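**Student:** Encoded as structure tokens, here's the structure I'll be asking about.
The values are calculated or read from the model by the stated rules, or taken from the named source; none is laboratory data. Quick caveat: nothing in here was measured; it's all calculated off a predicted structure. Quick reminder, even Gly has a Cβ in these numbers, built from the backbone with ideal geometry, and neighbours come from all protein chains shown. Accessible surface areas use protein heavy atoms only, side chains included; no ligands, DNA or RNA. Shrake-Rupley method; radii C 1.70, N 1.55, O 1.52, S 1.80 Å.
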Amino acid sequence: MNTVISIIIIFGALVFFHELGHLLLAKRAGILCREFAIGFGPKIFTIKKGETVYTIRLLPLGGFVRMAGEDPEMIELKPGQRVGLLFNDQNKVEKIVINQKSAYPNLKEITVEEADLERGLYIKGYEDEDEPATVFHIDETSHYVMDGSEFQIAPFDRQFGSKSLWDRFLAIFAGPVMNFLLAIVIFITLGLLQGTPTSQVKEVVEGSPAEQAGMMNGDVITEINGTEITGWNKMTSIIQDNANNQLGFKVDREGESVSLSITPEKQELSENQSVGRIGVSPEYQVDFLDSIVFGFTSTYEFGKAIFVGLGQLVTGQLSIDAFSGPVGIYSYTEEAASGGLYVLMRWAGFLSINLGIFNLLPLPALDGGRLLFIGVEALRGKPIDPQKESLVHFIGFSFLMLLMLVVTWNDIQRFFL
């Protein structure tokens, strides 16, 4: 149950802030955002605030912001169609009633001759065939009413495609950026609660290379192979890169400089990846400025490690078996939850960075793929055919689903078979 709650909280936060980035920058650009959704599938919670409907859906596998112009309009007025009109104080149409017109006794019912609800914002029609057609002007915030539900129209200047390349770029790029900012905030909070690791050794693991070399609790590591050690991250980076290589340590032991020779033991992380370990844990200290630095440096280090892993995947140094999907993430979250709040926070920060980087990959259906199309449009000087772009995104989405199935099957075999 703790794992399930942890998964819900962590994934809910990651998706919420990712989609919030899209929403805020889209609204800033003047784009009509119809829906802000957490999850997919049937709606289990809905509330409308302003122009946007906020929903929580049944399957917690992601989220989306539905921007006007990205999908075909839900309702299209055709010549000969009979609709009802309701007017505001400026004598502009504020509601276009498609059906169930009897619920609105004060509406004006017309037969549509032509309509332009994107640029011209008018409906031309007549109440009676014997009368000439009349042009009715549409308020830019007008709504369709169908089956008792209202849908706001999307004038062209409120649609995603009408905005500048820069505004569209920011609206898409803001999602991954919010994941990086969330990770920074998580690590800063972790530093303020737990403290940041120092180069002072709190505990030496029994039987470890460090103990065998004579390192003691309370030692402050000042130098490794002539390189000054200014913090725990720098120290661990050197150690991890030197598995089975002898390193010269200098430590400050109660004011006295002591030299030690330690060979980090090799620890396998996966079939093709290993790191060095000497078997020590750090002392932590709470400092506001150190926590700020810790937030940024931790995000950078985790991001760098993820990019290295992606590079190894592309070059064939890592196989697809080294990556995990939902099942693997659930298992690792269970392990992190058992390690306590601080371990779980670190894992959440790592996942947030992972989500941000993954979404920036230039693959169709991801934010990176959409940014790629915006870049191509900037080079061509004209947009790509929306139907062709939609087809590419559909193929990319199908590929991602296939990849997800493969990774999930590998996770099942790894953890349960």
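**Student:** Could we say that Ser319 is within 23 Å of Met401 (Cα to Cα), modelled with pLDDT under 90 and open to solvent by 30 Å² or more (accessible area, probe 1.4 Å) here? So that I can check it myself, show each step before the final result.
**Tutor:** Values: within 23 Å of Met401 (Cα to Cα): yes; modelled with pLDDT under 90: yes; open to solvent by 30 Å² or more (accessible area, probe 1.4 Å): yes.
Considered against the rule, which asks whether it is within 23 Å of Met401 (Cα to Cα), modelled with pLDDT under 90 and open to solvent by 30 Å² or more (accessible area, probe 1.4 Å), Ser319 comes out as yes.
**Student:** I need the full set of residues from region 1-29 which are modelled with pLDDT of 95 or more and not in a helix (DSSP H, G or I), in order please.
**Tutor:** The one that is modelled with pLDDT of 95 or more and not in a helix (DSSP H, G or I): Ala29.
**Student:** Considering each of Gly63, Gly39, Gly84, Gly69 in turn, give the residue that is assigned to a loop (DSSP other than H, G, I, E, B) and in contact (Cβ under 8 Å) with a residue 12 or more places away in the chain. Can you show your working first?
**Tutor:** Working: Gly63 fails: assigned to a loop (DSSP other than H, G, I, E, B); Gly39 fails: assigned to a loop (DSSP other than H, G, I, E, B); Gly84 fails: assigned to a loop (DSSP other than H, G, I, E, B).
Result: Gly69 is the single residue among Gly63, Gly39, Gly84, Gly69 that is assigned to a loop (DSSP other than H, G, I, E, B) and in contact (Cβ under 8 Å) with a residue 12 or more places away in the chain.
Residue-wise test of (1) small (Gly, Ala, Ser); (2) more than 19 Å from Glu265 (Cβ to Cβ).
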site	(1), (2)
Leu193	no, yes
Lys202	no, yes
Ala213	yes, no
Val220	no, yes
Thr230	no, yes
Ile238	no, no
Asp241	no, no
Asn245	no, no
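**Student:** Hey, another quick one. Can you name the number of the only condition in (1) in contact with a Pro (Cβ under 8 Å, 6 or more places away or on another chain); (2) part of a strand (DSSP E or B); (3) not β-branched (Val, Ile, Thr) that His137 fails?
**Tutor:** Against the list (1) in contact with a Pro (Cβ under 8 Å, 6 or more places away or on another chain); (2) part of a strand (DSSP E or B); (3) not β-branched (Val, Ile, Thr), His137 comes up short only on (1).
**Student:** Just to check your reading of the model, which residue among Asp116, Asp89, Asp157, Asp130 is of a type in the set (D, E, K, R), at pLDDT below 90 and surrounded by fewer than 16 Cβ atoms within 10 Å (Cβ to Cβ)?
**Tutor:** Numbers: Asp116 fails: at pLDDT below 90; Asp89 fails: at pLDDT below 90; Asp157 fails: at pLDDT below 90.
Exactly one residue qualifies, and that residue is Asp130.
**Student:** Next question. From the list Val83, Val135, which one is among the aliphatic types (A, V, I, L, M) and crowded, with 17+ Cβ neighbours inside 10 Å? First the steps, then the outcome.
**Tutor:** Details: Val135 fails: crowded, with 17+ Cβ neighbours inside 10 Å.
Just one listed residue meets the conditions, Val83.
**Student:** Continuing with this model, one more query. If you check Thr196, Thr230, which single one turns out to be open to solvent by 40 Å² or more (accessible area, probe 1.4 Å) and either under 30 Å from Gln387 (Cα atoms) or among the polar types (S, T, N, Q) (or both)?
**Tutor:** Working: Thr196 fails: open to solvent by 40 Å² or more (accessible area, probe 1.4 Å).
The unique qualifying residue is Thr230.
**Student:** Kindly provide the set of residues from region 233-249 that are assigned to a strand (DSSP E or B) and either surrounded by fewer than 18 Cβ atoms within 10 Å (Cβ to Cβ) or in contact with a Lys or Arg (Cβ under 6 Å, 6 or more places away or on another chain) (or both), ordered by number. Full working, then the answer.
**Tutor:** In the first step, residues of region 233-249 are kept if they are assigned to a strand (DSSP E or B); the result is 247-249.
If the condition is that a residue be assigned to a strand (DSSP E or B) and either surrounded by fewer than 18 Cβ atoms within 10 Å (Cβ to Cβ) or in contact with a Lys or Arg (Cβ under 6 Å, 6 or more places away or on another chain) (or both), then Gly248 is the only one that fits.
**Student:** Please find, among Glu223, Glu203, Glu211, Glu150, the residue that is open to solvent by 30 Å² or more (accessible area, probe 1.4 Å), in contact with a strand residue (DSSP E or B) (Cβ under 6 Å, 6 or more places away or on another chain), in a helix (DSSP H, G or I) and in contact (Cβ under 8 Å) with a residue 24 or more places away in the chain.
**Tutor:** Details: Glu223 fails: in a helix (DSSP H, G or I); Glu203 fails: in a helix (DSSP H, G or I); Glu150 fails: in a helix (DSSP H, G or I).
On inspection, the qualifying residue turns out to be Glu211.
**Student:** Only residues that are at pLDDT below 90 and either in a strand (DSSP E or B) or open to solvent by 50 Å² or more (accessible area, probe 1.4 Å) (or both): list them for region 92-111, please.
**Tutor:** Selection gives Gln100, Ser102, Ala103, Tyr104, Pro105, Asn106.
**Student:** Something else now. Restricting to helices (runs of 4 or more DSSP H) lying wholly in region 332-417: which have 2 or more residues that are small (Gly, Ala, Ser) and under 26 Å from Ile186 (Cβ atoms)? Give the steps one after another, and end with the answer.
**Tutor:** On the way: elements: 341-360, 367-380, 386-416.
Output list reads 341-360.
**Student:** I would also like to ask the following. Regarding Gly309, is this residue at pLDDT below 90 and open to solvent by less than 50 Å² (accessible area, probe 1.4 Å)?
**Tutor:** Numbers: at pLDDT below 90: yes; open to solvent by less than 50 Å² (accessible area, probe 1.4 Å): yes.
In short, yes.
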